[in-house]
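Take a look at the structure below.
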Amino acid sequence: MKIGILALQGAVREHRNLLRRLHVETVDILNPQDLQGISGLVLPGGESTTMGKLLLRYNLLEPIAERGRNGLPIFGTCTGLILLSKHINNSDQHCLNLMDTCVERNAFGRQLDSFEADMSIPALGEKPYHTIFIRAPYIEKADNNVRALLSYQNKILLAEQDHLLAAAFHPELTDDTRLHEYFIRKIDQDIR
Ligand code: GLN
């Protein structure tokens, strides 16, 4: 199994290190040819307006959107969650238009700009999961086909829709590999 990591900007190395700890081969995605032969794709955190522009400039926006529409498992974290969404409040920035979600960017306000918290995520097992939020978005609304895996005060912070997985926080900044393992299981189901 080879997992691509969109490498235009943002927390690329952290995802790569974590996936390597799980003995998964990774490839940095910098142009459309790099998408060949991958069975999953990670969209890292960064800055979504910039990343949207870079996706367009590097001719990656439509090729990735097309692979996503055709069932490629994609895991978006933070900016990645924004890019996956079909609707972004008060913004017409470029995105992949794949998940039936409506997101609010920088959604936690100034005082909670960045924060960490232990959360219970039943899909990952009993042990609490340490979440790190950095100028994070949340999913404000989602269609019924989106499954919330973590919600807080009616806002969705981790969600899946078929082959797509989106986290408002940064799993790659912790030592906990459970969410990446969860994504790898999604890929396994897809390959079988
Ligand atoms: N605030 C950023 C954005 O809107 C996301 C921050 C992050 O990825 N840590 O893209």
When the convex hull of the Cα atoms of region 5-48 is projected onto a plane and the area is averaged over all directions, what value comes out in nm²?
-> 3.0
Report, largest value first, the span of the C-alpha coordinates of region 69-192 along each principal axis, in whole Å.
-> 44, 34, 24
At 7 Å along the Cα-to-beta-carbon direction for both D118 and C102, put a label point, then send me their distance in nm to one decimal.
-> 3.6
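Any idea what diffusion coefficient region 57-119 gets from Stokes-Einstein, in µm²/s, Kirkwood Rh on alpha carbon pairs, 20 °C, 1.002 mPa s?
Numbers: Rh = 13.1 Å.
For the chosen part, D equals 163 µm²/s.
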How far is it, in nm, from the label point at T49 to the one at S91 when both lie 7 Å from their Cα along the line to the Cβ?
-> 0.9
Please work out how much length the chain gains when fully extended from Q111 to D176, using 0.36 nm per residue of separation minus the C-alpha to C-alpha distance, in nm with one decimal.
-> 20.8 nm
In what order do R110, R135 fall by count of nearby beta-carbon atoms within 10 Å, going from fewest to most?
-> R110, R135
Taking 7 Å along the Cα-to-C-beta vector as the label spot, tell me the E126-N145 distance in nanometres, rounded to one decimal.
-> 3.6
Enter the Cα centre distance for the pair region 159-192 and region 1-34, rounded to the nearest angstrom.
-> 14
May I ask you to compute the full-extension gain from L56 to Y152, defined as 0.36 nm times their residue separation minus their alpha-carbon distance, rounded to one decimal in nm?
-> 31.2 nm
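No value in this document is a laboratory result; all are computed from the given coordinates. For clarity, every value in this text was computed on a predicted model and none was experimentally measured. Backbone-built Cβ (ideal geometry, glycine too); neighbour counts: all protein chains shown.
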